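**Q** This is the structure I want to talk about, given as structure tokens.
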Amino acid sequence: MLLRMSTLLLKTLREEPADAEVPSHRLLVRAGFIRRAAPGGYTMLPLGKLVLDRISAVIQEEMLAVGGQEVAFPALLPREPYEVSNRWAEYGDLLLTLTDRRGAEHLLAPTHEEMFTLLVRDMTGSYRDFPLLLFQFQTKFRDEARPRGGLLRGREFLMKDAYSFDLSEAGLIEVYGRMRAAYQRVFNRIGLEHTIVSATSGAMGGSASEEFLAAAEVGEDTFVGCTVCDHAANTEAVITPVPTVPAVTAPALEVHDTPETPTIAALVELANSRRLGGRDDWTAADTLKNVVVTVHHPGRDPELLAIGVPGDREVDMKRLEAALSPATATLFDDFDAQPDLVKGYIGPQGIKIRYLADPRVAPGTAWLTGANEPGRHATNVVAGRDFTPDGTIEAAEVRAGDPCAACGEGTLTMRRGIEIGHIFQLGRRYTDAFGLDVLGSDGKPVRPTMGSYGIGVSRAVAAIAEQHHDDRGLVWPAAVSPVDVHVVAAGKDGQVEAALRLGEALSRAGVRVLVDDRPNVSAGVKFTDAELIGVPWAVVVGRRLAEGWVEVRERRTQKRKDVPLDDVVGVITTDLG
């Protein structure tokens, strides 16, 4: 392949795009890989499409290697299958929907579990048809309220999604392991440093779930790692160790006047100054904060819910919604309509709405908390004695230094990452919904179990750019670079013609080449553009051409060496391996 910059649809920018928030967005726009078409939607320009296709090719190779069969579904789908699975309601405002001229409702698919299940139901009937692993590359649509980060979070994006169908749990676990290993190979090949973390399943459903997160400061996902063991988890999936509490020895509950203490800080200061409960060492961690939220269930009336967490922590709304999924939650603020809920003074004892507590609020723990009366709090409010939660919930914020529940010895560290892949053991949610049964080897019906495996292909372009750039521009890994070599003609004394001849020779040798043959463009601008575009190797046809020499530059290391013109093809093909 030989591309000429004089005819390539490419425009590099010297200024930062006004709407770009993260390095990948800025650099992909400036280097001419993408261009904004609509809020949350981007056009892949020729160089960007080449990168996207190279990533897709790696993924396709690995999917075929583990027995995958490629299909292609429409993106525009009818409402009915998503009603059957209940995800028309579960996805809510994230769905992009429309009505056709006949009045039939459709959606632009956010994901395709329903369609894969229906296809397998229609085309199989016997145990002999299984196991089955299908995959596709397809554009997905989600009506994000705040698209951001260019390709990192858009309303329209390219995904590879795959689904396995097995007749046993053992079969599901086996293919899940194979797909997990295939994903590791994909991300290693395309140059993404990544961590596999435990995750929640969300609207996808299912049991076991793991995310592949590419390390990046701009990532929207926060994940934890243990200082002792190899445990890693998305913060939404972090498990809180339950404390060991001795038998209850606390005195009886006592109510105190605590005027003008609607905040934890004010309460702790007053409690210590007045020695409430006979103590002057109260901290925020000794208090019990009770937060009221409105839970919005798909297809049901909203519900008020109180969440109890230690007072030194906030309720993490992402963790809360992960625990409540597919429901969503918003903070409740209409306390005038609920006179039994006294804002700033809510306690769990005698509360009249459903109450879920953090695992740290274990039976036998004693707390300073609201007394459900204006200006009053209570000490020695003991879980299991003075109140009994309706259950526990993982909703409190996770912090660095928290204990690791996996090993019980280490503490958690915090990092940020970009979700580039997610795998699920779905189980039978969708085969149950659509009645997918096949005849087993014993003549009895068997209901297959499913796995789901997704990679954000267009997001991977941005994730690679986040991890592979410097202050000059992009630095593409060789496996995904739009071309292998960027030949730069300085522009004098036949250098353009020599650069084109070199480009043709490299192309005949199987090298992907971009030649900067633009007339009337200075060498300085060409060099700046070459570093911005970030191809692994550059060959400069310049002042030593008359002597039969050119300069070879490695983009990542900035190393340079002079090479005889006649040897360039051999040197480059050797360096490319």
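**Q** If you go through segment 341-356, how many residues are open to solvent by 60 Å² or more (accessible area, probe 1.4 Å) and within 24 Å of P259 (Cα to Cα)?
**A** Residues meeting the conditions: 3.
**Q** For segment 37-87, how many residues meet the condition of being among the basic types (K, R), in contact (Cβ under 8 Å) with a residue 24 or more places away in the chain and open to solvent by 10 Å² or more (accessible area, probe 1.4 Å)?
**A** 2
**Q** While we're looking at this one, here's another question. Looking at L320, is it open to solvent by 60 Å² or more (accessible area, probe 1.4 Å), in contact (Cβ under 8 Å) with a residue 40 or more places away in the chain and among the aliphatic types (A, V, I, L, M)?
**A** no
**Q** When you scan segment 204-311 for strands (runs of 3 or more DSSP E) that lie fully inside it, which ones turn up with 1 or more residues that are within 24 Å of A366 (Cβ to Cβ)?
**A** Fully inside segment 204-311 and qualifying: 254-257, 288-296, 303-310.
**Q** Related question: What number of residues within segment 9-36 satisfy the criterion of being open to solvent by less than 50 Å² (accessible area, probe 1.4 Å), closer than 18 Å to E156 by Cα and not in a helix (DSSP H, G or I)?
**A** 3
**Q** Continuing with the same structure: Here are R447, R459, R472: which of them is open to solvent by 30 Å² or more (accessible area, probe 1.4 Å) and closer than 26 Å to V515 by Cα? So that I can check it myself, show each step before the final result.
**A** Values: R447 fails: closer than 26 Å to V515 by Cα; R459 fails: closer than 26 Å to V515 by Cα.
That would be R472, the only listed residue that is open to solvent by 30 Å² or more (accessible area, probe 1.4 Å) and closer than 26 Å to V515 by Cα.
**Q** Taking R275, is it of a type in the set (K, R) and either open to solvent by less than 40 Å² (accessible area, probe 1.4 Å) or closer than 25 Å to A383 by Cβ (or both)?
**A** Yes, satisfied.
**Q** Which of the residues that make up segment 148-166 are surrounded by 21 or more Cβ atoms within 10 Å (Cβ to Cβ), over 29 Å from G427 (Cβ atoms) and not small (G, A, S)?
**A** Correct list: L151, L152.
**Q** Follow-up question, since we're still on this one. Quick one: would you say S6 is open to solvent by less than 40 Å² (accessible area, probe 1.4 Å) and either small (G, A, S) or under 21 Å from the mean Cα position of the chain (by Cα) (or both)?
**A** No, not satisfied.
**Q** Determine whether V218 is β-branched (V, I, T) and either surrounded by 21 or more Cβ atoms within 10 Å (Cβ to Cβ) or over 19 Å from the mean Cα position of the chain (by Cα) (or both).
**A** It is false that V218 is β-branched (V, I, T) and either surrounded by 21 or more Cβ atoms within 10 Å (Cβ to Cβ) or over 19 Å from the mean Cα position of the chain (by Cα) (or both).
**Q** Could you list, ordered by first residue, the pairs with Cβ atoms under 6 Å in which the first is in segment 2-31 and within 30 Å of A505 (Cβ to Cβ) and the second is buried (at least 20 other Cβ atoms within 10 Å of the Cβ) and acidic (D, E), at least 6 apart or interchain?
**A** Pairs that qualify, where the first residue is within 30 Å of A505 (Cβ to Cβ) and the partner is buried (at least 20 other Cβ atoms within 10 Å of the Cβ) and acidic (D, E), are R4/D517; M5/D516; S6/D517; T12/D529.
**Q** Further, regarding this structure: Got a sec? Which of R385, R399 is farther than 20 Å from T195 by Cβ, assigned to a loop (DSSP other than H, G, I, E, B) and open to solvent by 50 Å² or more (accessible area, probe 1.4 Å)? Break it down into steps so the answer makes sense when it comes.
**A** On the way: R399 fails: farther than 20 Å from T195 by Cβ.
Going through R385, R399 in turn, just one is farther than 20 Å from T195 by Cβ, assigned to a loop (DSSP other than H, G, I, E, B) and open to solvent by 50 Å² or more (accessible area, probe 1.4 Å): R385.
**Q** Quick one: what pairs do we get from segment 553-577, first residue more than 16 Å from F527 (Cα to Cα) and in contact (Cβ under 8 Å) with a residue 60 or more places away in the chain, second in a helix (DSSP H, G or I) and not small (G, A, S), C-beta under 6 Å, 6+ apart or different chains?
**A** V569/L506
**Q** What number of residues within segment 506-563 are assigned to a loop (DSSP other than H, G, I, E, B) and polar (S, T, N, Q)?
**A** Adding up the residues that qualify gives 4.
**Q** Kindly indicate the residue of segment 403-421 that is of a type outside the set (G, A, S) and open to solvent by less than 20 Å² (accessible area, probe 1.4 Å) and also nearest to A214 (Cα to Cα) among those meeting that condition.
**A** Applying the filter and picking the extreme gives I418.
**Q** What pairs come up if the first residue lies in segment 171-185 and is open to solvent by 30 Å² or more (accessible area, probe 1.4 Å), the second is in a helix (DSSP H, G or I), and their beta carbons are under 7 Å apart, counting only those six or more places apart or on different chains?
**A** Hits for this filter: R185/E62.
**Q** Can you name the residue in segment 104-142 that is surrounded by fewer than 17 Cβ atoms within 10 Å (Cβ to Cβ) and among the charged types (D, E, K, R) and is also farthest from L76 (Cα to Cα) among such residues?
**A** R128
**Q** Check whether at least one residue in segment 224-238 is at pLDDT below 95, of a type outside the set (A, V, I, L, M, F, W, C), within 30 Å of L439 (Cβ to Cβ) and open to solvent by less than 20 Å² (accessible area, probe 1.4 Å), and report yes or no.
**A** no
**Q** Just the residues that are assigned to a loop (DSSP other than H, G, I, E, B) and open to solvent by 10 Å² or more (accessible area, probe 1.4 Å), please, taken from segment 362-382.
**A** Just the residues of segment 362-382 that are assigned to a loop (DSSP other than H, G, I, E, B), to begin with: 362-365, 374-375.
P363, G364, T365, P374, G375 - these are the residues of segment 362-382 that are assigned to a loop (DSSP other than H, G, I, E, B) and open to solvent by 10 Å² or more (accessible area, probe 1.4 Å).
**Q** Is it fair to say V488 is over 30 Å from I420 (Cα atoms), open to solvent by less than 30 Å² (accessible area, probe 1.4 Å) and not in a helix (DSSP H, G or I)?
**A** Taking the combined requirement at face value, the residue satisfies it.
The values are calculated or read from the model by the stated rules, or taken from the named source; none is laboratory data. Since the model is a prediction, treat every value here as computed from it, not as a measurement. Cβ atoms come from the backbone with ideal geometry, glycine included; neighbour counts cover every protein chain shown. Remember, those area values only see protein heavy atoms, side chains included, never the ligands or the DNA or RNA. Shrake-Rupley method; radii C 1.70, N 1.55, O 1.52, S 1.80 Å.
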